[in-house]
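All of the numbers you see were taken from the coordinates with simple rules; none came from a lab. Just so it is clear, the structure is predicted and the values come from calculations on it, not from any experiment. No Cβ is skipped: glycine too gets one built from the backbone with ideal geometry, and neighbour counts run over all protein chains shown.
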Amino acid sequence: MQEIKRELLIVEGDSAANAVRQYATHHQTVLALQGKPINALKATHAQVLANEFLCAILDRLDDREAEANRVKPHHPFEQVALLMDPDPDGVHCGLLILWFFYRYLRSWLDEGRLLQIVAPRLEVFDVERNRSHFAYTQKGADSIADQIRAKHGEVVLQVRKVRGLAAMPSDVLQKQCVSQDTRRQIVLNAEDAEKGWMQGPDPIR
């Protein structure tokens, strides 16, 4: 079991955030993203400061005042994790937040403290048993389907895209998206921001 870190968990949408809060530990604080944030690389400083969501992040994480006064940062977080819906809008939101960190909170990238949680993208539904299995990639979904058929013979399976975090079963959301021990995650860095990295079906660096 890895060391549990104090974490700001940025989640796309109120519905997903409310679902995540049910399973977040006392080490995790959930901040809901409403709509897409502005592009901090193109926006003026005044526009960024006028954005309520981005200001909420700055209020929680900006260490510059503490550093200038040679005191310890006041925020309680050791890392920030982005949990977006596994769809194109979620990918875009994650990229916009990454760019914001690149411009305003660069130290979090340089120190490896900004994470992208990899949420399952595909659901393999066993119609006869009314049971769902979740995969990160098409290859993973195919493997799950092969395992089910190897065990139960030719059965009716439906492979469909995950509609969003709020639609996931509670055990999947907790184990594969919220728990620091069992979820998949990628450490983001400045190079990712410079390349305009966006997490696709198969995250590859």
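Count, please, the residues in the range 13-66 that happen to be assigned to a helix (DSSP H, G or I) and surrounded by 14 or more Cβ atoms within 10 Å (Cβ to Cβ).
Adding up the residues that qualify gives 14.
Residues of the range 96-140 being touching a strand residue (DSSP E or B) at 6+ places or on another chain (Cβ under 7 Å) and among the hydroxyl-bearing types (Ser, Thr, Tyr), which ones?
Ser132, Tyr136
Can you name the number of the only condition in (1) in contact with a Leu (Cβ under 9 Å, 6 or more places away or on another chain); (2) loosely packed, with under 12 Cβ neighbours inside 10 Å that Ala150 fails?
Status for Ala150: all satisfied but (1).
Taking the range 81-105, which residues are touching a helix residue (DSSP H, G or I) at 6+ places or on another chain (Cβ under 7 Å) and not aromatic (Phe, Trp, Tyr)? Break it down stepwise before answering.
Let us first name the residues in the range 81-105 that are touching a helix residue (DSSP H, G or I) at 6+ places or on another chain (Cβ under 7 Å), namely 82-85, 98-102, 104-105.
Correct list: Leu82, Leu83, Met84, Asp85, Leu98, Leu105.
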